[in-house]
Amino acid sequence: MLMIAEETQPRLTKRERRILRQQEAKSSNITPSFKIDRIRPKTDNQQKVFDSFYAGQHLFLHGTAGTGKTFIAFYLALNELHRQTSDQKKLYVVRSTVPTRDMGFLPGNQKEKMKVYEQPYYAISTELYGRGDAYEVLKQKHIVEFISTSFIRGTTLSDCFVIVDECQNMSAMELHSIITRAGENCRFIFCGDFRQDDLSSERKKEKSGVIEFMRIIEHMPMFDFMDFRPEDIVRSELVKQYIITRERLGIDTN
């Protein structure tokens with residue numbers, strides 16, 4: 001009796017899997033029932049960010065903690081993806097997962113270690129969508145992808161929004177590596193505050209490259225630079241009063 005061998009699916013190479021993921025990402029749509037809450041700017045500087053974004057500019061959002069830099073960046077990018085009328089089909093979130101270069105001491109495997117640095121985006125997504133699983137859903141649909149600066153080399157970022165968060169914790173080479181990954185229809189939003197630099201304070205041999213990078217960005221017509229002040233703080237009145245009082249007393253945390 002002849003045995004008929006079952007057909008087996010050929011195994012895909014790494015390159016073929018990568019191409020397949022990219023194709024899935026480009027064809028992914030956000031489910032209509034998965035609605036994002038409408039957010040309105042609360043300060044004049046936030047309004048300027050909205051205006052610059054919709055004018056098609058790349059953005060560098062710099063300034064005081066609690067001013068909503070990352071929150072606004074997330075909202076603007078995701079809201080535009082919901083419209084499905086732009087050239088961008090995906091949001092990449094780029095962050096240095098080793099701002100103090102001690103990531104190896106965290107428990108778990110590489111993926112579990114990186115997840116620690118994604119916690120702010122879980123909270124932001126929960127607030128924007130009103131559901132606790134929002135960030136995971138966005139990742140499963142390949143609409144949002146988190147990338148460590150450690151693995152960004154060799155990548156081309158095309159047809160996407162890219163939020164580079166906590167960029168004060170990146171070296172000049174990391175920032176250079178990120179912006180030179182830009183492909184067609186790639187739009188950047190950098191978020192950070194050089195006064196909250198963890199990198200230089202932890203390891204004197206390593207230095208934040210954000211100030212040098214900011215000098216370059218300010219001379220590029222494709223970028224709009226937004227400097228948030230203590231009066232732009234929207235997190236809470238307590239945070240606002242604390243930051244203003246600290247600055248009035250001339251106290252520097254670095």
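Observations on the model:
- Selection over the stretch 67-88 of residues that are assigned to a helix (DSSP H, G or I) and more than 17 Å from Pro230 (Cα to Cα) gives a count of 11.
- Selected residue (criterion: nearest to Thr126 (Cα to Cα)) from residues of the stretch 139-196 that are among the acidic types (Asp, Glu) and open to solvent by less than 50 Å² (accessible area, probe 1.4 Å): Asp165
- Some residue of the stretch 63-74 being under 24 Å from Val239 (Cβ atoms), open to solvent by 30 Å² or more (accessible area, probe 1.4 Å), modelled with pLDDT under 95 and β-branched (Val, Ile, Thr): no
- Total residues in the stretch 229-254, condition at pLDDT 90 or above, open to solvent by 80 Å² or more (accessible area, probe 1.4 Å) and hydroxyl-bearing (Ser, Thr, Tyr): 1
- Selection of the stretch 51-62 for residues being farther than 25 Å from Ser236 by Cα and in contact with a Phe, Trp or Tyr (Cβ under 6 Å, 6 or more places away or on another chain) yields only His58.
- Test: Ala77 is open to solvent by less than 30 Å² (accessible area, probe 1.4 Å), within 30 Å of Leu238 (Cα to Cα) and modelled with pLDDT under 90: no
- The stretch 141-152 residues that are farther than 18 Å from Ala172 by Cα, paired with ones that are of a type in the set (Asp, Glu) (beta carbon under 8 Å, 6 or more apart): His142/Glu24; Phe146/Glu118
The values are calculated or read from the model by the stated rules, or taken from the named source; none is laboratory data. Note that the structure is a prediction, hence the values are computed from the model and not measured. So basically every Cβ, Gly included, is an ideal-geometry build from the backbone, and we count neighbours across all protein chains shown. Please note that ligands, DNA and RNA were not included when accessible areas were found on the heavy atoms of the full protein model with its side chains. Shrake-Rupley method; radii C 1.70, N 1.55, O 1.52, S 1.80 Å.
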